[in-house]
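**Q** What follows is a structure written as structure tokens; I'll ask about it next.
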Amino acid sequence: MSILSVCLFFLTFLAYGGHKYSVNKQKPLHLVRTTKGMVSGVPTKTAGVEVFKGIPYAAAPVGDLRWHAPQPHKNWDGVLKAGGFCANCMQATQNQQLNPPNVNRKSVWTKPFMIPKSPISENCLYLNIWTAAKSSSEKRPVIVWIHGGGFQIGSGSVPVYNGQAMAKKGVVFVTINYRLGVFGFLALPQLSKESEHHASGNYGLLDQIAALKWVKKNIAAFGGDPENVTIDGQSAGSFSINYLVASPLAKGLFQRAIGESGGDMVSDPMKTTISLQQAENNGEELLKKLQVSSLEQLRKLPADTIRKVAGSFNPNIDGYVLPEKVSKIFVEGKQNDVSTLTGWNVDEGTAFSIYSKPVNATEFKKRAKQIFGDKAGQFLKYYPAQTDKEAQQSQMHLTRDLLIAIQNYDWANMQSKTGESDVYLYTFDRKVPAEGNFKFFGAFHSGEIAYALDNLSYLKRPWKSVDRKLANIMSSYWVNFARTGNPNGKGLPEWPVYKLDKNQDMELGKTTGPQPVPNKAAMDFLIRYFNK
């Protein structure tokens, strides 16, 4: 089972009852010149904020460019009217059957969110910009948001990623599309052979790097500071942030990093990291299914034919984008040393399980002995199973810790140990308001996004004053961090720098303030065990 395939499906729950947003149909506030041509934006519903939708940052990866590193887009004449989102990258759509793995409660899937209705296309390498700047001289901090979805689904145009509120608070907010699934992460010996770097499979990550290069060259024209860029992402987006911080190809493209619920630090407790050879073997299995033998044949197949057969494809350690495992890069202090804000949600494990279905206490203890051997007794102290009810609770906590929490926790630890830039660690524990059975999910995976981006209005939920207050606090922290590398500011509870010798992170919830790192001893145990 892949952690990424689990996480992508739970993201659909985030916007239960969500709705689309619209913009005022007025004349654009101004024209902007990019390195490829002029673009015009449109005003948003927020006074003073303008949005530029669907700006190409690379050429369409179609035909011979399918499974190639992103190439520069051609210049255009006249003015590109950036008033509407462009196509989402190839992925499953809402009219296709979802079979989410290891889901505890199927009712959660009745309101797909991350999966677009239409359109989808290989011609999808576009980005969107929200800005309240009136001139290119303002040099506002920039946040580039990288969406989640298990590297299989998602889009920069998802409503809850809307950048109006963040732009109003003073940042230039950017969302991007990047190639997904088989089109973003297929590796093959033939593809590696034709590459000058003898690598294949990480095209989606190369898209992200290309988008950051575009931002560095062009964001000043939108009032942003190209030397003050923060990358931010959730779930697979947070994995992406972790990879970009580790990749030498992204050096100098950003100054700060925010990772929300995801990373690839601890050595394979859920088999997330694969080698280039393993990825190539997976690719060759796909060729057999498609009954083709050459790249020429493969590149001529219709995209939808490939997608329907392909299954899941994820990043690999290719020796180029990722020279080695992320954990090793951090241990050796070779990461891009940037200020880091990272954390997880306390109920990451409420919607899926590390097992195909919840098991009883007897089975849970049996599996603990099979996995942990003579350490099983210690494991069961942290994840007890004296009764079936207690075993089910421990399964949710273990799912949270194995899939998510130990990754962000170890990320903070290693950056603190081998880097010089500050780290800020959080735990989000606000039980997101819901009705009926949905109350069960609590502070679920992706639940923090609407708060961090101050976008509660894009979700139809029974919000309370505490939620609106928390959204203002969290989005202010995020903006302050993007501005200076320190989330603290006037009127906000003090957020301490994370230190290895201090058991302290920041609670973000009904109560906001420093606290001991939750479940620290259990996570330390898991990290020691899997890193042996």
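**Q** Within a 10 angstrom radius of the beta carbon, how do THR511, THR418, THR342 rank from fewest other beta carbons to most?
**A** THR511, THR418, THR342
**Q** Counting helices only, and only those DSSP H runs with n ≥ 4, report the 222 nm mean residue ellipticity of the chain as the sum of -39,500 (n - 2.57) divided by its residues, in deg cm²/dmol to the nearest 500.
**A** The per-residue figure over the chain is -9000 deg cm²/dmol.
**Q** Can you give me the C-alpha center-to-center distance between the range 244-303 and the range 181-204, rounded to a whole angstrom?
**A** 8
**Q** Can you return the lysines within cross-link range of LYS139? Criterion is Cα-Cα under 25 Å, with same-chain partners fewer than 8 residues away left out.
**A** Output for LYS139: LYS27, LYS36, LYS45, LYS53, LYS81, LYS168, LYS169, LYS213, LYS216, LYS217, LYS251, LYS490.
**Q** Could you tell me what percent of the DSSP beta bridges with both partners in the range 3-530 are antiparallel, to the nearest 5?
**A** Of the beta bridges lying entirely in the range 3-530, close to 35 percent run antiparallel.
**Q** Could you work out how far the C-alpha centroid of the range 330-395 sits from that of the range 118-176, in angstrom?
**A** 34
**Q** So for each of 141-151, 59-69 I average, over its residues, the number of other beta carbons within 10 Å; can you give me the resulting order with the highest mean first?
**A** 141-151, 59-69
**Q** Something else about it: By the scheme Lys and Arg +1, Asp and Glu -1, what is the net charge of all other residues having a beta-carbon under 9 Å from that of LEU188?
**A** -1
**Q** Along its three principal axes, how long is the chain when you only count alpha carbons? Whole Å, largest extent first please.
**A** The principal-axis extents, from largest down, are 70, 62, 46 Å.
**Q** Could you size up the charge dipole of the range 435-519 around its Cα centre, putting +1 on the beta carbon of Lys and Arg and -1 on that of Asp and Glu, and report it in debye to the nearest 20?
**A** 240
**Q** Considering only DSSP states other than H, G, I, E and B, which GluC sites (Glu not before Pro) in the range 367-447 qualify as loop sites with at most 14 other Cβ atoms within 10 Å?
**A** Details: sites: GLU390, GLU420, GLU435; in loops: GLU420, GLU435.
Passing sites in the range 367-447 are GLU420, GLU435.
**Q** Counting only residues 5 or more places away or on other chains, whose amide H sits under 5 Å from the amide H of ILE274 once H atoms are built in the peptide plane?
**A** Amide H neighbours of ILE274: ILE317.
**Q** Using the Cα centre as the reference, give the magnitude of the dipole from point charges on the C-beta atoms of the chain (Lys, Arg: +1; Asp, Glu: -1; all else neutral), rounded to the nearest 20 debye.
**A** Values: 62 positive and 43 negative charges, 278 e Å.
That gives a dipole near 1340 debye.
**Q** Still on this structure, I have one more. Setting aside same-chain residues fewer than 8 positions from LYS381, which lysines have a Cα under 27 Å from its Cα?
**A** Cα-Cα hits under 27 Å: LYS271, LYS357, LYS365, LYS366, LYS369, LYS389, LYS431, LYS499, LYS502, LYS520, LYS532.
**Q** With charges set only on the Cβ (+1 for Lys and Arg, -1 for Asp and Glu), what does the dipole of the range 186-312 come to about its Cα centre, in debye to the nearest 20?
**A** The dipole magnitude comes to about 260 debye.
**Q** Please state the relative contact order of the chain as a whole percent: Cα pairs under 8 Å, 6+ residues apart?
**A** For the chain, the relative contact order is 16 percent.
**Q** May I ask for the equivalent-ellipsoid semi-axes of the range 290-356, computed as the square root of five times each C-alpha gyration tensor eigenvalue and listed largest first in whole Å?
**A** Taking √(5λ) for each Cα gyration eigenvalue gives 34, 23, 11 Å.
**Q** Rounded, prolate or oblate: pick one for the range 110-230, where a ≥ b ≥ c are the square roots of the eigenvalues of its C-alpha gyration tensor, a/c under 1.5 means rounded, and failing that, prolate if a/b is larger than b/c, else oblate.
**A** Values: a/c = 3.07, a/b = 1.45, b/c = 2.12.
Oblate.
Here, each number is a calculation from the coordinates, and none is a lab measurement. Worth saying up front: this structure is predicted, and the values here are computed from it rather than measured. Using ideal geometry, Cβ is built from the backbone for each residue, glycine included, and neighbour counts are taken over all protein chains shown.
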